[in-house]
Each structure stands twice: as C-alpha cells, then as structure tokens.
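To start, the structure itself, in structure tokens.
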Amino acid sequence: MSPRFYFSLRSPYSWLAYRDLLDRHAALAGRLEWIPFWEPDEHSLRLLAEAGGRFLYTPMSKAKHLYALQDVRRLAAERGLRPAWPVDREPWWEVPHLAYLVARRHGRGPEFIAGAYRARWEEGRDICDPRTIAGLAGELGLDEGELTGAVHDPRIREEGVQVLLRIHRDGVFGVPFFVNRFDKYWGVDRLPAFADSVRAGAGAPPPAVTTVGAASVDDGHAGGCG
C-alpha cells in the first residue's frame with residue numbers, strides 16, 4: 001500500500017505540512033496517496049455508522065484554539081508565510097472536500113488543493129461557500145455545477161463515506177497525519193521523519209495488538225491539531 005498523507009483543507013497545520021511537503025520534499029509528494037480529512041455532517045456520520053465506521057477526531061478546547069493561533073503564526077513566520085485567518089460561519093466541510101473528490105476524478109486534485117489552500121489561508125476566503133468552489137472550478141476548467149453540487153450527489157457522498165472509512169481504519173484522529181506501512185506520524189513536525197522512512201523503504205511490521213479506540217484522545221499536541 002502506498003504511503004499516505006491525510007490532509008484537511010480546514011486545518012492550518014495541514015496547510016503548513018502541505019507547504020513543507022512541496023517546498024522541502026517535492027520528490028516525495030508525487031509518491032503519496034493524498035486522502036482528505038474533514039468533520040462529517042450528520043448525513044455522512046449516519047452513512048459512516050451504517051458502514052461500520054466512526055469518526056475519531058475530538059474538537060479542540062477554546063484554550064487550545066487560542067494557543068493554535070499563536071503557534072501557527074510562529075510556524076508560518078519561520079517559513080516566510082503570513083496566514084490570512086478566515087472566519088468560519090456555519091462551515092459545511094463536505095462542500096470543499098467532496099468537491100476535491102470530483103476534481104480528483106478529473107485529474108485536477110493537486111491543482112484544487114493548491115487553489116483551496118490559497119483561497120483559505122492566503123486570501124482568508126470561505127471555502128465552504130459554493131461561490132468560492134465555483135471560482136476554483138472555473139480556474140481549473142472544471143464544471144462549476146459538478147463541484148458545487150458534489151454534496152448533493154449520492155455517488156460522491158458514497159465515495160466520501162469510503163474515505164471516512166479509511167480514516168477510521170487507519171486510526172486518524174487529527175491532521176496532518178502520515179502513514180507508511182504500519183508506521184504513523186501525526187503533526188507537521190513529524191513530516192521529516194515520515195519522509196526519511198519512505199525514502200529508506202522502512203516501516204514497522206504490524207503490531208501484535210491494535211487499539212484503534214485509544215486513538216480518539218487528543219493529547220493537545222499542537223503540531224497535529226485539526
């Protein structure tokens with residue numbers, strides 16, 4: 001199985017990991033399977049439960065959120081970046097992430113990710129707004145209605161559930177999250193170790209005992225916050 005990068009278009013830490021991946025590990029980026037991670041709405045949660053999965057992410061506390069604002073500002077400054085903080089009003093995270101699945105079907109997944117991250121973290125735009133998604137579709141030469149309507153397409157919803165099942169099976173509880181065989185790495189600061197592992201062809205053997213349920217606890221490590 002290919003090494004995997006679980007990313008979220010919502011997360012500033014995922015955005016920083018994305019920038020590090022392209023800027024510092026460009027050769028590795030093309031070898032990875034890119035898998036979106038998002039907080040599912042009630043409909044997706046119901047479909048996920050019916051498929052035998054559950055969502056492991058635990059929302060951060062207000063104190064951790066305030067810390068993350070400072071932390072991301074520091075990490076971005078170290079990289080010569082200046083984030084534009086978006087204001088999320090009633091976010092519906094299926095809108096951008098299911099649209100990504102459509103763009104990926106058309107072979108434009110990387111370009112969609114680049115555009116969505118630029119819109120959210122460099123321009124401070126609302127990527128849950130269908131108008132933003134329509135604009136990205138236009139830039140990529142894709143059908144605007146197909147991308148903005150992804151949340152209402154049962155086929156794309158089912159594809160999204162399959163993604164959520166992979167998130168569950170890999171024990172992904174926050175992003176950015178990297179997997180190489182049975183080795184898992186959580187947080188932007190773990191990217192170098194993950195990259196070294198992939199380049200070396202390394203990866204731990206399967207553990208004798210797995211405790212996926214324990215992965216639902218967020219221990220407060222900021223570098224892997226969702």
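Scanning the stretch 106-153 for residues that are within 15 Å of TRP93 (Cβ to Cβ) and of a type in the set (Asp, Glu) yields ASP126, ASP129.
Within the stretch 100-114, does at least one residue satisfy the condition of being touching an Asp or Glu at 6+ places or on another chain (Cβ under 6 Å), of a type outside the set (Asp, Glu) and surrounded by fewer than 16 Cβ atoms within 10 Å (Cβ to Cβ)? Before the answer, list the steps.
Taking the stretch 100-114 as the starting set, the residues that turn out to be touching an Asp or Glu at 6+ places or on another chain (Cβ under 6 Å) are 101-102.
Going one step further and asking which of them are of a type outside the set (Asp, Glu), we end up with 101-102.
Subsequent filtering for residues that are surrounded by fewer than 16 Cβ atoms within 10 Å (Cβ to Cβ) retains none.
For the stretch 100-114, residues touching an Asp or Glu at 6+ places or on another chain (Cβ under 6 Å), of a type outside the set (Asp, Glu) and surrounded by fewer than 16 Cβ atoms within 10 Å (Cβ to Cβ): absent.
Taking residues in the stretch 159-176 that are in contact (Cβ under 8 Å) with a residue 24 or more places away in the chain and farther than 24 Å from HIS65 by Cα, and partners anywhere that are crowded, with 21+ Cβ neighbours inside 10 Å and aromatic (Phe, Trp, Tyr), the pairs with Cβ atoms closer than 8 Å and at least 6 places apart or on different chains are ASP170/TYR6; ASP170/PHE177. Evaluate the stretch 82-90: report whether one residue or more is part of a loop (DSSP other than H, G, I, E, B), under 19 Å from GLU122 (Cβ atoms), of a type in the set (Gly, Ala, Ser) and free of Cβ contacts under 8 Å to residues at least 60 places away in the same chain. Yes, some residue in the stretch 82-90 is part of a loop (DSSP other than H, G, I, E, B), under 19 Å from GLU122 (Cβ atoms), of a type in the set (Gly, Ala, Ser) and free of Cβ contacts under 8 Å to residues at least 60 places away in the same chain.
Residues are listed down the side, and each one gets a yes or a no for (1) assigned to a helix (DSSP H, G or I); (2) of a type outside the set (Gly, Ala, Ser); (3) exposed (fewer than 12 other Cβ atoms within 10 Å of the Cβ); (4) within 11 Å of the chain's Cα centre (by Cα):
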{"residue": "LEU9", "(1), (2), (3), (4)": "no, yes, no, yes"}
{"residue": "SER14", "(1), (2), (3), (4)": "yes, no, no, yes"}
{"residue": "TYR18", "(1), (2), (3), (4)": "yes, yes, no, yes"}
{"residue": "TRP38", "(1), (2), (3), (4)": "no, yes, no, yes"}
{"residue": "LEU45", "(1), (2), (3), (4)": "yes, yes, no, no"}
{"residue": "LEU48", "(1), (2), (3), (4)": "yes, yes, no, no"}
{"residue": "ALA63", "(1), (2), (3), (4)": "yes, no, yes, no"}
{"residue": "ALA68", "(1), (2), (3), (4)": "yes, no, no, no"}
{"residue": "VAL72", "(1), (2), (3), (4)": "yes, yes, no, no"}
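Readers should treat all values here as calculations from the given coordinates under stated rules, not as data from a laboratory. Computed from a predicted model, the values in this text were never measured in an experiment. Heads up, the Cβs are rebuilt from the backbone with ideal geometry, glycines too, and the neighbour counts pull from every protein chain shown.
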